[in-house]
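Worksheet: the structure to be examined is printed underneath.
The values are calculated or read from the model by the stated rules, or taken from the named source; none is laboratory data. Owing to the predicted nature of the structure, the values given are computational and were not obtained by experimental measurement. Glycine also receives a Cβ, built like all others from the backbone with ideal geometry; neighbour counts cover every protein chain displayed.
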Amino acid sequence: MKSIRFMRHAAVSVGMIAAGAPAAIAQDIDPLEESPDTAYYDFWVGTWIEEKEGVADPDGTRFDVLPSVHAAAFEEEWRLVLDDGQVLNATALRAWDKTAGRWMYTWVSDNGLYQVWEGRKDRHGWWIYKHFDVDGDRYLSRQGFLPQPDGSVLRISQKSYDEGDTWELRFQQRLVRE
């Protein structure tokens with residue numbers, strides 16, 4: 001019985017391909033349509049280091065950003081220096097999802113964390129959002145990497161206990177090109 005079903009399915013599949021029906025090999029083969037939103041992070045390629053009290057700190061937090069598989073995709077290597085001096089290394093992929101019409105973000109750290117963030121736009125620019133539950137502390141987190149007129153980037157991390165009606169600052173960093 002199983003082999004008859006398989007043969008029927010195979011015959012239908014071959015028939016659809018022969019008849020010119022689109023193959024189910026790729027979800028979407030159309031090229032990315034560029035727009036101001038897909039170009040939002042064009043500034044981001046390069047090496048960025050944290051500026052503390054007006055001085056770039058080459059031994060501090062660092063972001064190495066490379067272009068990826070299409071014009072609105074970036075691969076990031078992070079070296080985060082925490083307040084206690086510990087170093088956390090991470091790899092991230094920031095990319096435009098043309099189906100959803102937004103930026104998405106995936107982050108993996110050397111201490112075993114894996115996070116998927118969704119992009120949302122507000123009047124300041126694009127942010128990434130994720131819900132957290134840290135030992136019973138439940139909140140919505142967001143981070144913005146906001147380009148500044150002087151060429152720096154303001155990295156802002158905030159959290160909300162009311163699904164984004166109000167925000168508390170977690171931390172803020174100014175990043176400059178190395």
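Figure legend. Inter-residue proximity from segment 56-82: first residues closer than 18 Å to G151 by Cα, second residues of a type in the set (A, V, I, L, M, F, W, C) and not in a strand (DSSP E or B), beta-carbon distance below 6 Å, spacing 6+ or different chains. Indicated pairs: V65/W44; V65/V45.
For segment 88-135, the candidate set comprises residues that are among the hydrophobic types (A, V, I, L, M, F, W, C) and surrounded by fewer than 13 Cβ atoms within 10 Å (Cβ to Cβ); within that set, the residue that is nearest to K159 (Cα to Cα) is F132.
Put simply, of E178, E168, E163 the only residue that is farther than 24 Å from L32 by Cα, in contact (Cβ under 8 Å) with a residue 24 or more places away in the chain and acidic (D, E) is E178.
When L140, L82, L32 are checked against the criterion of being over 28 Å from E178 (Cβ atoms), touching a strand residue (DSSP E or B) at 6+ places or on another chain (Cβ under 9 Å) and modelled with pLDDT under 95, a single residue qualifies: L32.
When W96, W117 are checked against the criterion of being at pLDDT 95 or above, within 25 Å of Y139 (Cβ to Cβ), touching a strand residue (DSSP E or B) at 6+ places or on another chain (Cβ under 8 Å) and of a type in the set (F, W, Y), W117 stands alone in meeting it. Entry remark, segment 73-118: residues being closer than 18 Å to E33 by Cα and within 14 Å of the chain's Cα centre (by Cα) number 12 in total.
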